[in-house]
Amino acid sequence: MIDAEPNTDKKMIDLFTSVQLGPYLLPNRIVMAPMTRLRAIESIPQSLMATYYTQRASAGLIVTECTMVSPMSNGYMNCPGIYSPEQIKGWQEVTDAVHNAGGKIFLQLWHCGRISHPSLLEGKQPVAPSAIAPVGELHTPVGKVAMETPRALEKHEISEIVEQFRSGAENAYQAGFDGVELHGAFGYLIDQFLQDGSNQRTDEYGGSIENRARFLLEVVEAVSSVWGADRVGIKLSPSNTFYGMIDSNPKATFAYVLEALNPIGLAYVHLMEPNEIDLKNRDVLNPVTPLFRPIYQGTLIANGNYTQETANAALVKGDAELVSFGKLFLANPDLPRRFQLNAPLNEPNPKTFYGAGEKGYTDYPFLEQAAS
């Protein structure tokens, strides 16, 4: 959390102040947030994905879309994986291209848990901490369907999934990434273990906050054994309501996790603010980052509909060390330059967020193209 060049006046800090993130000196504090784009064919990263990420290599850090650690971790069609030689090779093309453009890129490791369907899992039932059905529907090979009740994991299977995360971290290293981010947010498996609305186990992985956080911390330890903690991040969403997620005391739950992460020395914690749907669904923690800033002593990345102005204000206030941008980076491959010049921004097109091909993916114009 130490700036490359210490500032005696916090007002000097903005999105273009360099920052030390683990072993890396980043030229700016603008992070490309992980965004599901569903352009991998049969879970294998394609050359088009290399183009997409390389276009955005001027970010201080890129975090990739969620990436499967095993075939049973899948929750979406055309989501990439990191468990086969073909996937590693596909990601290697991405990392080589980003590095050649001067960028840094972390791979987001992911297990969807109950957010899946048998048609995505070779006919097998989705797994979760407890046999509690999520809320919502998924697009699958058999059409749009309601999600089913998952199968509760046996205790021995939990350690097997921890090892899948470790293996995914090893494969990410082989593919040339600069680090990894654990997807511990938005109602996926790590989050399912953590929150008591989805975890009603009676063994050492359920009940108390300490027990519910056990899986998260075991995965952190496993992945850090590969990379070193200072090249590992984790994404958390204390106010998320996706897929029916709920916790009886989110402030206490996430405070415990952040306290437990303090001595580990992670590269960062990526904290998500509630979105409009979360705020409509129920009374949630809002805002998130200022609430947990006094608890977490390491580097924080803030995310949640930030603009250039609100991001700079958060940095000056000390709420976070970096800010990640999702839709703005999706539509503006040269977002840092546009921020620096106070230039107009492209508008994102939600109709092309997911799917195939370059439309709405690699065809958003750079500033010079837009001007011409």
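The values are calculated or read from the model by the stated rules, or taken from the named source; none is laboratory data. The structure presented is a predicted model; accordingly, all values stated were derived computationally and were not measured. Glycine also receives a Cβ, built like all others from the backbone with ideal geometry; neighbour counts cover every protein chain displayed. Side chains included, ligands, DNA and RNA excluded: accessible areas come from the protein's heavy atoms. Shrake-Rupley method; radii C 1.70, N 1.55, O 1.52, S 1.80 Å.
Glu218: accessible area at probe 1.4 Å, nearest 10 Å²?
60 Å²
How much accessible surface does Thr352 have with a 1.4 Å probe, in Å² rounded to 10?
20 Å²
Describe numerically, in nm with one decimal, the distance between label points set 7 Å from Cα along Cα→Cβ at Val135 and at Ser18.
Once both label points are built, they end up 4.8 nm from each other.
Would you rank Tyr256, Tyr173, Tyr52 by solvent-accessible area, highest first, keeping every protein chain in place and using a 1.4 Å probe?
Tyr173, Tyr256, Tyr52
Per the 1.4 Å probe, what fraction of the accessible area of the chain, in percent, lies on carbon and sulfur atoms?
Accessible surface attributable to carbon and sulfur in the chain totals 52 percent.
Looking at the chain, which longest stretch skips every one of the trypsin sites (Lys or Arg not before Pro) that is in a DSSP loop with at most 15 other Cβ atoms within 10 Å, leaving the sites themselves out?
125-281
Note down the accessible area of Glu160, probe 1.4 Å, to the nearest 10 Å².
We get 90 Å² for Glu160.
So how compact is the chain: Cα radius of gyration and Dmax in angstrom?
Over the chain's Cα set, Rg and Dmax evaluate to 19.4, 63 Å.
Could you work out the equivalent-ellipsoid semi-axes for segment 229-372, taking the square root of 5 times each eigenvalue of the Cα gyration tensor, largest first, in whole Å?
Semi-axes, largest first: 30, 19, 14 Å.
For the chain, what is the accessible area per residue in Å², given a 1.4 Å probe and the full set of protein chains?
Here the per-residue accessible area is 40 Å².
Summing -39500 (n - 2.57) over the DSSP H runs of n ≥ 4 in the chain and dividing by its residue number, what mean residue ellipticity at 222 nm do you reach, to the nearest 500 deg cm²/dmol?
That comes out to -9000 deg cm²/dmol.
Excluding residues fewer than 8 places away in the same chain, name every one of the lysines whose C-alpha is closer than 30 Å to that of Lys280.
Lys144, Lys235, Lys251, Lys317, Lys327, Lys351
Tabulate in residue order the Karplus-calculated ³J(HN,Hα) for segment 130-140, using 6.51 cos²θ - 1.76 cosθ + 1.60 with θ = phi - 60°, rounded to whole Hz; enter x for Gly and Pro.
Using θ = phi - 60°, the values come out as 9, 7, 10, 6, x, 9, x, 10, 10, 7, 9 Hz.
What is the P(r) of segment 118-176, as percent of Cα-Cα pairs per 10 Å bin from 0?
Computed distribution, short to long bins: 20, 36, 32, 12.
For segment 60-124, evaluate the Debye formula with one uniform point scatterer on each Cα (no solvent term) and list log10 I(q)/I(0) at q = 0.25 Å⁻¹, rounded to two decimals.
Here log10 of I(q) over I(0) equals -1.05.
I'd like the distance between the alpha-carbon centres of segment 30-76 and segment 187-215, rounded to an integer number of Å.
Measuring centre to centre over Cα atoms gives 28 Å.
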